[in-house]
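Accompanying notes for the structure given below.
Bear in mind that the values in this text are calculations on the coordinates, not laboratory data. Not measured: the values here are computed from a predicted model. Heads up, the Cβs are rebuilt from the backbone with ideal geometry, glycines too, and the neighbour counts pull from every protein chain shown.
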Amino acid sequence: MSTKKEITITANIRKLQCVHDFIASTLSDLHIDKTTENNIMLCAEEVFVNICCYAYGDSEGDATVTAELADDGKELLLTFIDSGIPFDPISQDEVDIDSLGEQREIGGLGIYLVKQLSDELSYRYGNGCNVLTVKKLLN
Amino acid sequence: MAINAVVKDGVCSIKLTGKIDASYLLDVQDELFDKALVSTKIILDMSQVEYISSAGLRMLLSTHKTMAKKDGLVILNPSEGVMQILNITGFNKVLTIE
């Protein structure tokens, strides 16, 4: 059993606070530590901003975010759905964090952070939608 | 949203607070860039920054590159949350952190 909530918003970086407020409201009754909360917010930002920047090209579109909280409060699933260009961020080449210095390229840094800070990440494409799910275990 | 910056003898001291996310940077990035152009050195106090995303990291790297030709960018007292992200991404090896 779990509790599930959902919002749909315009995929625009200006709406990032709406995503963060939505997740904060989902977590409000739990007493999770600040680091875990920040890591969840960071994962959400990176995925949402990716959708804002790349899913719809120059057009405008929506993003739906669902938050599913296990009844025991120990697991959170965040799912991000957009109907933009099919794109699997998980299968992209890993950013090379050892290629430091002045020439460093930082494309893919956001999804790298999501991989590092989440407990499980999955992608599928179906019914014309990109569906990316981030699993985070809660303390 | 403005940033709190003090410039003295070409050294620009900036204290950032709260969350350095993509939305925040839409408002402050140009101001930071302008400060970098007219300063010889930038000291960025991040002790009160609880959160930084890849957008914030990109801002740090571009400021670092701009200031590398001058006296540099210093990240001062990064919070535990910021330091975690700098370590995970290897930015701790690129940036000057004091």
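List of remarks:
- Rounded to whole Å, sorted largest first: equivalent-ellipsoid semi-axes of chain B, Cα gyration tensor: 19, 15, 12
- Calculated FRET value between residue B:62 and residue A:8, using beta carbons and R₀ = 22 Å, to 0.05: 0.10
- Cα shape, the protein assembly as shown, gyration tensor, a/c 1.5 rule: prolate
- Each peptide among A:10-19, A:56-65 gets the average number of other Cβ atoms lying within 10 Å of its residues, and from highest to lowest they stand as A:10-19, A:56-65.
- Overall form of the stretch A:10-50 per C-alpha gyration tensor (a/c, 1.5; a/b vs b/c): oblate
- Note on B:19-26: average number of Cβ atoms from other chains within 10 Å of each residue's Cβ is 5.
- For B:64, A:20, order by how many other beta-carbon atoms lie within 10 Å, fewest first: A:20, B:64
- Computed from backbone phi, the HN-Hα couplings of the stretch B:76-83 come to 9, 6, x, 5, 4, x, 5, 4 Hz, rounded to whole numbers (Karplus: 6.51 cos²θ - 1.76 cosθ + 1.60, θ = phi - 60°; Gly and Pro given as x).
- A cut-off of 5 Å between modelled amide H atoms, ignoring neighbours fewer than 5 places along the same chain, links residue A:11 with A:61, A:62, A:63.
- Karplus-based coupling profile of the stretch A:69-77, in residue order and whole Hz: 10, 4, 4, 7, x, 9, 8, 10, 10, with θ = phi - 60° in 6.51 cos²θ - 1.76 cosθ + 1.60 and x standing for Gly or Pro.
- Were the residues from residue B:9 through residue B:38 laid out at 0.36 nm apart, the gain over their Cα-Cα distance would be 9.4 nm.
- Inter-part distance where the stretch A:34-76 and the stretch B:22-98 are each reduced to a Cα centre, Å: 24 Å
- Relative intensity, log₁₀ I(q)/I(0), of chain A from a Debye sum that treats every alpha carbon as a point, q = 0.15, 0.22 Å⁻¹: -0.74, -1.42
- Normalised by the number of residues in chain A, the mean separation of alpha-carbon contacts (under 8 Å, six or more apart) gives a relative contact order of 29 percent.
- Taking a Cβ cut-off of under 12 Å around residue A:84, the surrounding Lys, Arg, Asp and Glu residues balance to a net charge of -4, with basic ones at +1 and acidic ones at -1.
- Phi angles of the stretch A:133-139 translate, via the Karplus equation with coefficients 6.51, -1.76, 1.60 and θ = phi - 60°, into HN-Hα couplings of 10, 10, 9, 10, 7, 9, 6 Hz per residue; Gly and Pro are given as x.
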